[in-house]
Structures are given as C-alpha cells and as structure tokens.
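Worksheet for the structure shown next.
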Amino acid sequence: MAAWRGLRTTPAAPPRRAFPGRGGQRAPERGAECRGAAPSRVSRFCPPRKSCHDWIGPPDKYSNLRPVHFYIPEDESPSEQKLRELRQETQEWNQQFWANQNVTFRKEKEEFIHSRLQAKGLALRAEPGQKATLNAEEMADFYKEFLSKNFQKHMDYNRDWYKRNFAITFFMGKVALERIWNKLRLKQKKTSG
C-alpha cells in the first residue's frame with residue numbers, strides 16, 4: 001500500500017492536539033520503530049520526525065483495520081495523556097480481536113469448503129492452478145453457522161466496544177473543557193495584566 005497519511009488534510013485547519021511551534025515526542029511504538037528496535041507486527045513505517053499529528057497507516061493484513069501512530073505533545077496534560085492511552089489501548093484491543101476473528105474465519109471457511117468438496121467427491125483443485133469453489137447457497141450455510149457459533153463473542157465485543165467508546169468520548173469532552181478553561185484563563189491574565 002502507499003505511504004501513510006497524516007490525519008490533517010488541509011494545511012489551514014488547526015491541529016487538534018498540537019499547535020505550530022510546539023515540540024513533541026512520538027508514541028513509544030513510533031520511536032522504537034525509528035530507532036531500529038523490534039518492528040511492529042502491524043507496520044514498519046516511521047512517520048517523519050517533525051510530524052505533530054496522528055498518522056493512519058495502511059490496513060493490517062490480519063485485522064483489515066488501519067493502525068494509528070499517536071503523536072505525543074511535550075506539554076501533554078494528564079487528561080490528554082489518559083485520552084491518548086485509552087485510544088491506544090482500544091486500538092490494540094480492536095486490532096487483536098479482529099486479527100483473531102479473521103484468522104478463525106478463514107481457517108473454518110477453508111475447512112468447510114474442503115469437507116463439502118470431499119463429500120461431493122471433488123478435489124480441491126478443479127483445473128491446474130484453479131481452486132474448486134462452492135456456490136453462494138452452499139457458502140450461505142457456512143456464513144450462517146459461523147455467525148451463530150460466534151454470536152456471544154460478537155455481543156461481548158460490541159458491549160466492550162461501546163464501553164470503551166463512551167470512556168473515550170468522556171475524556172475527549174474533559175480535554176476540550178480543560179482547553180477552553182485554559183484559554184479563558186490566559187485571556188483573563190492578558191486583560192488584567
């Protein structure tokens with residue numbers, strides 16, 4: 001896939017967690033990758049050193065989710081840090097769940113196809129280099145069975161996903177209010193001073 005893209009798409013839009021001229025540091029996984037440490041399972045890409053934005057990468061080959069490298073401002077407040085850490089933990093949890101789910105799905109799908117072809121007395125290869133397949137109706141049986149078998153797992157995932165997103169949304173509100181409060185305090189200092 002092509003290079004990673006920064007979250008900001010227009011140069012005129014102000015960055016969300018960093019202001020021009022502010023220094024910052026990379027999230028631990030970004031810095032580690034750039035220094036030649038063990039590469040991430042998701043990607044080996046290293047965003048530019050001077051970047052002060054989150055970066056979104058190409059889809060992971062197992063989970064099909066786009067990983068995010070988080071920017072860490074030097075003057076990150078405790079609330080901003082908690083928000084970033086919650087987002088990182090949620091991303092890692094989400095990546096792990098979908099990587100495991102997709103591997104299981106592919107494995108069971110191959111086993112299902114193999115067993116159905118064997119029951120029909122067919123080989124795995126129809127012609128040289130061409131894989132034998134089942135029709136849509138036969139595959140619908142697999143999809144229905146797979147979804148039924150994993151129903152509780154998906155319900156648990158959805159419940160946890162909503163809990164995590166509500167926590168992230170709460171901290172996003174808290175950070176936004178703190179920023180507004182800090183700007184108002186700065187304005188008061190300037191007008192009174």
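Quick check on GLU29: is it under 16 Å from the mean Cα position of the chain (by Cα) and modelled with pLDDT of 90 or more? Even if it seems obvious, please write down each step before you answer.
On the way: under 16 Å from the mean Cα position of the chain (by Cα): yes; modelled with pLDDT of 90 or more: no.
So GLU29 does not fit the description; no.
Evaluate the following for TRP93: is it more than 29 Å from the chain's Cα centre (by Cα) and either touching a residue at least 40 places away in the same chain (Cβ under 8 Å) or open to solvent by 100 Å² or more (accessible area, probe 1.4 Å) (or both)? Working first, answer last.
Working: more than 29 Å from the chain's Cα centre (by Cα): no; either touching a residue at least 40 places away in the same chain (Cβ under 8 Å) or open to solvent by 100 Å² or more (accessible area, probe 1.4 Å) (or both): yes.
When the stated conditions are applied, TRP93 does not pass them.
Here is a list: PHE166, PHE105, PHE112. Which entry is without any contact (Cβ under 8 Å) to a residue 12 or more places away in the chain, among the hydrophobic types (A, V, I, L, M, F, W, C) and more than 30 Å from CYS46 (Cβ to Cβ)? Break it down stepwise before answering.
Details: PHE105 fails: without any contact (Cβ under 8 Å) to a residue 12 or more places away in the chain; PHE112 fails: without any contact (Cβ under 8 Å) to a residue 12 or more places away in the chain.
One residue alone meets the criteria, PHE166.
With the structure loaded, tell me whether TYR157 is surrounded by 11 or more Cβ atoms within 10 Å (Cβ to Cβ) and either touching a strand residue (DSSP E or B) at 6+ places or on another chain (Cβ under 8 Å) or of a type outside the set (A, V, I, L, M, F, W, C) (or both) or whether it fails that test.
Details: surrounded by 11 or more Cβ atoms within 10 Å (Cβ to Cβ): yes; either touching a strand residue (DSSP E or B) at 6+ places or on another chain (Cβ under 8 Å) or of a type outside the set (A, V, I, L, M, F, W, C) (or both): yes.
When the stated conditions are applied, TYR157 passes them.
Here is a yes/no grid of residues against (1) hydroxyl-bearing (Ser, Thr, Tyr); (2) open to solvent by less than 80 Å² (accessible area, probe 1.4 Å); (3) more than 30 Å from GLU110 (Cβ to Cβ):
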residue: LEU122; (1), (2), (3): no, no, no
residue: THR133; (1), (2), (3): yes, no, no
residue: TYR143; (1), (2), (3): yes, no, no
residue: LYS149; (1), (2), (3): no, no, no
residue: GLN152; (1), (2), (3): no, no, no
residue: PHE171; (1), (2), (3): no, yes, yes
residue: VAL175; (1), (2), (3): no, yes, yes
residue: LEU184; (1), (2), (3): no, no, yes
residue: LYS187; (1), (2), (3): no, no, yes
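With the structure loaded, tell me whether LEU83 is more than 23 Å from the chain's Cα centre (by Cα) and open to solvent by less than 40 Å² (accessible area, probe 1.4 Å) or whether it fails that test. Steps first, answer last, please.
On the way: more than 23 Å from the chain's Cα centre (by Cα): no; open to solvent by less than 40 Å² (accessible area, probe 1.4 Å): yes.
Judged against the criteria, LEU83 is not a match.
When region 44-75 is examined, which residues are found to be open to solvent by 70 Å² or more (accessible area, probe 1.4 Å) and more than 22 Å from ASN102 (Cβ to Cβ)? Full working, then the answer.
Step one: of region 44-75, the residues open to solvent by 70 Å² or more (accessible area, probe 1.4 Å) are 44, 49-50, 61-62, 64, 66, 74-75.
Within region 44-75, ARG49, LYS50, GLU74, ASP75 qualify.
Spot the failing condition for GLY121; the list is (1) at positive phi; (2) touching a residue at least 40 places away in the same chain (Cβ under 8 Å), and only one is missed.
(2)
The values are calculated or read from the model by the stated rules, or taken from the named source; none is laboratory data. Bear in mind that the values here come from a model prediction, so they are computed numbers and not experimental data. FYI the Cβ positions are ideal-geometry reconstructions off the backbone, even for glycines, and counts take in every protein chain you see. Accessible surface is based on the protein model in full, side chains and every heavy atom, while ligands, DNA and RNA are left aside. Shrake-Rupley method; radii C 1.70, N 1.55, O 1.52, S 1.80 Å.
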